[in-house]
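To start, the structure itself, in structure tokens.
The values are calculated or read from the model by the stated rules, or taken from the named source; none is laboratory data. Predicted, not measured: the structure shown is a model, and the values here were computed from it. FYI the Cβ positions are ideal-geometry reconstructions off the backbone, even for glycines, and counts take in every protein chain you see.
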Amino acid sequence: MDRLVRANRVEKRASSIGFVRFFDDYPVVPRSNIWTDTGTGSFTDAKVYVVQTSTKVIQRCILMASDPGDLVMDPTCGSGSTAYVAEQWGRRWITIDTSRVALALARSRLMGARYPYYLLADSSEGQRKEAEIMRSVPKSYLTHGNIKHGFVYERVPHITLKSIANNAEIDVIWEDFRTRLEPLRAELNKTLGQHWEEWEIPRKADTDWPEAARKTHEAWWGLRIARQKEIDASIAAKADTEYLHDKPYEDRSKVRVSGPFTVESLSPHRMLAVGTDDQFFDPGKPTAPSRDPSVRDFVTMILTTLREAGVQQGDKRERITFTSLNVWPGKMLCAEGRFMEGETERRAGILIGPEFGTLTKPDLTAAAREAGDAGFDVLISCAFAYEANASEFNSLGRLKVLRARMNPDLHMQTDLKSSGNLFVVFGEPDIGIERTEDEEVRVRIHGVDVFKPSTGEVVSGGPEDIALWMIDTDYNEESFFVRHAYFLGANDPYKALKTTLKAEIDEEAWTSLNSEVSRPFPKPETGRIAVKVINQFGDEVMKVFDIS
Ligand SMILES: C[S@@+](CC[C@H](N)C(=O)[O-])C[C@H]1O[C@@H](n2cnc3c(N)ncnc32)[C@H](O)[C@@H]1O
């Protein structure tokens, strides 16, 4: 208590005493579990997804619960807000979504993102900044740019009652000044005929005081103020420091973009499940002619929706609208759909893929044979996902094969289903392989083929519908390694980024990334290359080429 009094931190009230706390003692407010400031963040973020989360909320959660270099996972990616924020704060991330639309949005959001450059603690600039803040000599140990050491953060003092009470230096300062203050007080009291205690000495001298008293008074106050300054400095020096983890120092001369990341899509998988008759069944099998009522319900629901929605293609005008769609008692095929090709009526065999899982190429082939044998003109297969190599299967004899991807919305209750894009055909990419004079290979993408129900032709659409195409220039038939990536897209999604990076951009490199023609590359050692094309909806197809 004595120390607090000496430090001038105790205030007399009517019938109690109080602790004098200054705003500077702790100029921040700890967060509680009620966040009233996060509502505004949602309005300032540009919305790209209807259920996009405010980055302010995600940022706070990430900063509270992790350190730089940690791994953050969000299994419901949406527009990728978690990845976007994690990337900003130097956290690694994994994010997952069932919707390809979400993944396509997240990919382009990250690709176009730009971030401030925060000073790393483990860097020579960081060491210099730290020394500047702490008024010390910069550390000179070797730095490695390891993000796990964190950033250089702004900090604030955290002066507490406890830290003042425990600060023994205050006694030393007080004692030192006492020996000089006390004689002055005694002299002042004597000259003025007073018995003032220290705290009773008025701040201002009266004009009618004798000259000697005014001088002593001034000298006393000079020392009194000096003592307070020394005590305050001691309090500040001994106080705890709180780091402001949301306020790292920035190097404003640098702009940062997202680090490298990959987007992995569904790999073919099959699983066993137990049916209502307690027997194992393989839900990877097409579900058409089943005696299991739950499976029949699924197919009935899909057919009802297909009858109303038709099949959408990349080019919106080329929708297949059925004039009739009726159950067909096939082995693989479950319905017959009729539609008009100009004046001629055409018949389509319908295959519905598994309710959960991926449609395999053998099943697709079997369905095509069945459709061919039954004299159908077109096979329309509807599945949530296709085995990668199924994407090359486009016809069998005169039978055209259209692979429609079903929207995962179809898993939902009827009233939640949106009406658009429930069945979308993403056609075969139209790709040319060219040789350069140096015996190197170059790939050219012309667009994506679209089936025209009005004429029955397959025509090539332009490259506008393609968001991204990638090449594995040495495909091992197991995994697709992105060795080249090109970003098309009509409304250049990276324009903002390009504008920001104006000074840094290598115009030639940029143009080569926004191109329908690849950079040349050596012939593959495996003898094969693979080209993956992704449209604006996030649908993807892969095509493999033999290059000998
Ligand atoms: C509310 S949104 C997330 C929004 C996100 N935080 C953002 O800022 O954009 C939920 C997401 O979860 C996805 N989703 C729903 N069920 C899923 C599942 N079983 N596995 C993975 N993702 C799922 C949906 O497709 C949707 O994009």
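Here residue 148 clears all of (1) more than 13 Å from the ligand (Cβ to nearest atom); (2) surrounded by 18 or more Cβ atoms within 10 Å (Cβ to Cβ); (3) at pLDDT 95 or above except the condition numbered (2). Of the residues examined, residue 135 is not one that is more than 13 Å from the ligand (Cβ to nearest atom) and at pLDDT 95 or above. Total residues in segment 350-360 satisfying the condition of being touching a Phe, Trp or Tyr at 6+ places or on another chain (Cβ under 6 Å) and either acidic (Asp, Glu) or not in a strand (DSSP E or B) (or both): the figure is 1.
Can you confirm whether residue 163 is within 60 Å of the chain's Cα centre (by Cα), assigned to a loop (DSSP other than H, G, I, E, B) and within 30 Å of residue 246 (Cα to Cα)? Judged against the criteria, residue 163 is not a match. All of (1) surrounded by 14 or more Cβ atoms within 10 Å (Cβ to Cβ); (2) modelled with pLDDT of 95 or more hold for residue 175 with one exception: (1).
On the basis of being assigned to a strand (DSSP E or B) and surrounded by fewer than 21 Cβ atoms within 10 Å (Cβ to Cβ), does residue 347 make the cut?
Answer is yes for this residue.
Does residue 114 satisfy being at positive phi, more than 14 Å from the ligand (Cβ to nearest atom) and modelled with pLDDT under 95? Considered against the rule, which asks whether it is at positive phi, more than 14 Å from the ligand (Cβ to nearest atom) and modelled with pLDDT under 95, residue 114 comes out as no. Remark: pairs (first residue in segment 4-21, exposed (fewer than 12 other Cβ atoms within 10 Å of the Cβ); second residue of a type in the set (Phe, Trp, Tyr); Cβ separation under 8 Å; 6+ apart in sequence or on different chains) = 11/19. Among the residues of segment 475-507, those identified as modelled with pLDDT of 80 or more and more than 15 Å from residue 112 (Cα to Cα) are 475, 476, 481, 482, 483, 484. Restricting attention to segment 62-82, the residues that are away from the ligand (no atom under 11 Å from the Cβ) and not β-branched (Val, Ile, Thr) add up to 10.
Of the candidates 54, 32, the single residue that is within 42 Å of the chain's Cα centre (by Cα), surrounded by 15 or more Cβ atoms within 10 Å (Cβ to Cβ) and among the small types (Gly, Ala, Ser) is 54. Do we have any residue at all in segment 88-111 that's modelled with pLDDT under 95, touching a Pro at 6+ places or on another chain (Cβ under 6 Å), on the phi < 0 side of the Ramachandran plot and more than 9 Å from the ligand (Cβ to nearest atom)? Scanning segment 88-111, I find at least one residue that is modelled with pLDDT under 95, touching a Pro at 6+ places or on another chain (Cβ under 6 Å), on the phi < 0 side of the Ramachandran plot and more than 9 Å from the ligand (Cβ to nearest atom), so the answer is yes. When segment 355-378 is filtered for residues that are closer than 25 Å to residue 531 by Cα, touching a residue at least 40 places away in the same chain (Cβ under 8 Å) and not small (Gly, Ala, Ser), the ones remaining, listed by number, are 358, 359, 360, 363.
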